[in-house]
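Any read-out appearing in this document is the output of simple, stated calculations on the displayed coordinates, not a laboratory observation. Please read these numbers as outputs of a predicted model, since none were measured by experiment. Using ideal geometry, Cβ is built from the backbone for each residue, glycine included, and neighbour counts are taken over all protein chains shown.
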Amino acid sequence: MPDQPSLVFGKIKHRKSGTSQKLKAMVDGKWLWIELEGGELKSTPEAWATFGLYPAMTTGSRIRLRDQPSPDKVWAANTKALMEKMTGWWGGKIPKIVTDQRPGWRRRFGLERRPRKRLLFFSGGVDSFHALYEMIRQGTPPDALLFVDGFDIDLTDTAKSEVYLSALDEIRSHHRIKLLRLKTNLRKMPFYRKCSWNNTHGLAMAGVAHLISGYGEIYVSSSFETIRDIPYGSRWDVDVLFSSGSKRFHHVGSGILRATKLTDLCHDPLVQRHLRVCWRGRGPRKNCGECEKCLRTELNVMASGQQERFSCFDHPEPLACRFARIEAKLDPLVRMWQAAKDQSLPPDLDLAVKAMLRRSLDKEPSVPKELASERAEIESLVRYCGYEGELAFES
Ligand SMILES: [Zn+2]
């Protein structure tokens, strides 16, 4: 029988210079690096193992951590449950983790001290802003916001990250919260590049959080609402399983619809100036104004009557012209219809939205099983736009 392949994390290096710190680990002959500005990095076995979980699961490899003790017991128990869930969704094999140092007893039993400080991942999107205000409202504001360069902003797109950093600076100083800026080449690493970002982004966030010392309570804002049971790399029942003995993960906001969050946020001048929903466009513009997510959010903003104030949507062309150029998948089409149906749109925009819905439905061969719970919504959407084609529901 051939030897089982190994994903090896070794030769860990730590460098400090001024206010910035860099941790590196050699993986398959290339350096995986993580750089942090404004905080402290500390190598932990939980971090490296977390980065390796999904790639090892899909390739049937084991994870080997050189010169590291085993991850703690709390992390190990959570990871077992997490991997059972993920292999159930996406197949693959639960990886074995091999280390070559004996852990101290505190680490072995997950009894390391958990700092009280709260850290919130903050990308500037609707869910991030909602999580920030929800934490403030509950009297537990984050001690720091964490912004990551190299996840949804490409490392080479320095124009976008610089523009957004000045926005973050305004948000941070308004709320008197510290800002941590992290950069990493994780997504460029050969072992990670082939993995679906939809499936792995939660693990990537968890991995970097396990390297930041001084913060024990880690907050991740929701992507999908709880009512939508779609396999995804970060959700209400996944994020909590990233926890270890010294870091506890929290998931914020999955009980509230994104459109409702946006309605609540629409009057906030910081949101009007700095909301960033787009992951597509490059360059200094915060939102490309061309993709389905930008256009859908602009429709949501119109419903609040605040669109003139939203300087973060600064595309020079009218919305109707831009709708004429796009198509979308079924799931976002439902959100788009929900954004449009209860407002009286100007006639040209109404025509453009309905034509876009029909054009997109034409490209959908059938409704997949995971959208079965949305059948009534999809049928209403079909009636709303006057679609006359056949749409089969998979059973
Ligand atoms: Zn966009």
- [ ] Report, ordered by chain and residue number, the lysines lying within cross-link reach of residue 13, taken as a straight Cα distance under 18 Å and ignoring same-chain residues fewer than 8 apart.
- [x] 22, 24, 30, 42, 183
- [ ] Mark the label point 7 Å from the Cα of residue 197 along Cα→Cβ and return the residues of the range 314-333 whose backbone N is within less than 18 Å of it.
- [x] 329, 332
- [ ] Provide the per-residue ³J(HN,Hα) series for the range 75-87, in order, calculated from phi with Karplus coefficients 6.51, -1.76, 1.60 and θ = phi - 60°, each as a whole number of Hz, with x at glycine and proline positions.
- [x] 4, 4, 5, 5, 5, 4, 5, 5, 5, 5, 5, 5, 5
TODO: Taking all pairs of distinct Cα atoms, average 1/r, flip it, and tell me the Kirkwood hydrodynamic radius of the chain in Å to one decimal place.
DONE: 22.5 Å
- [ ] Count charges around residue 250 for me, please; just the other residues with Cβ under 12 Å from its Cβ, Lys/Arg as +1, Asp/Glu as -1.
- [x] 0
Task: Packing-based order for 342-354, 275-287, using average beta carbon neighbours within 10 Å, highest first - done: 275-287, 342-354
TODO: Rounded to the nearest 500, what is the 222 nm mean residue ellipticity of the chain from helices alone, with -39500 (n - 2.57) per DSSP H run of 4+ residues and division by all residues?
DONE: -12000 deg cm²/dmol
TODO: Output the peptides 120-132, 380-392 sorted from most to least packed, where packing is the average of other Cβ atoms within 10 Å over each peptide's residues.
DONE: 120-132, 380-392
Task: Cβ-Cβ FRET estimate between residue 4 and residue 232, R0 fixed at 35 Å, reported to 0.05 - done: 0.75
Task: Antiparallel bridges, percent of DSSP beta bridges restricted to the chain (to nearest 5) - done: 45 percent
TODO: Over 32 Å between C-alpha atoms is what I'm after, so list which of 188/341; 194/363; 85/160 land there.
DONE: 188/341; 85/160
Task: Residues whose placed amide H lies under 5 Å from that of residue 43, excluding near-sequence neighbours - done: none
TODO: Calculate the length of the line joining the C-alpha centroid of the range 334-395 to that of the range 1-28, in whole Å.
DONE: 47 Å
Task: Counting DSSP beta bridges with both ends in the range 6-108, the antiparallel % (nearest 5) - done: 65 percent
- [ ] Find the centroid of the Cα atoms in the range 283-323 and in the range 144-199, then give the distance between the two in whole Å.
- [x] 22 Å
Open item on the list: Can you give me the Kirkwood hydrodynamic radius for the range 38-190, using every pair of distinct Cα atoms, in Å to one decimal?
Closed with: 18.0 Å
